[in-house]
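Reviewing the structure listed below.
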Amino acid sequence: MTAPALTLASAAEDCMVGQRFTVTLPKLIRESLGIEVGDYLRFELGPEGNVAVRGMKLIPANSGLAALADNRVRQISKGDATLLGDLK
């Protein structure tokens, strides 16, 4: 079953903060973003007091992507690679 797409009109849902400051994500939001038990979320506080919540997927240590990322970090640390932000 495909989750309904979020639009500006349907992107807001209310929830209550629990006793231990826990929040249950509304079903529509969870399904639309593909958030599953064990996923990590990042909360970012904006300059105007707004909060952005982003889902994060971790790369398993035994995957090829993790090895590629580790290699890239080593290259950058040794100065063997240039970051895009450093290019002018």
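Where a ≥ b ≥ c are the square roots of the eigenvalues of the C-alpha gyration tensor, would you call the stretch 16-82 rounded, which needs a/c under 1.5, or, failing that, prolate if a/b is larger than b/c, or oblate?
Here the stretch 16-82 falls in the prolate category.
Extending each Cα 7 Å along its Cβ direction at I76 and D14, get the distance between those two points in nm, one decimal.
Between I76 and D14, the label points sit 4.2 nm apart.
FYI, it's all coordinate maths here, none of it is from the lab. All of these numbers come straight from a predicted model, not from anything done at the bench. Virtual Cβ from ideal backbone geometry, glycine too; neighbours counted across all protein chains shown.
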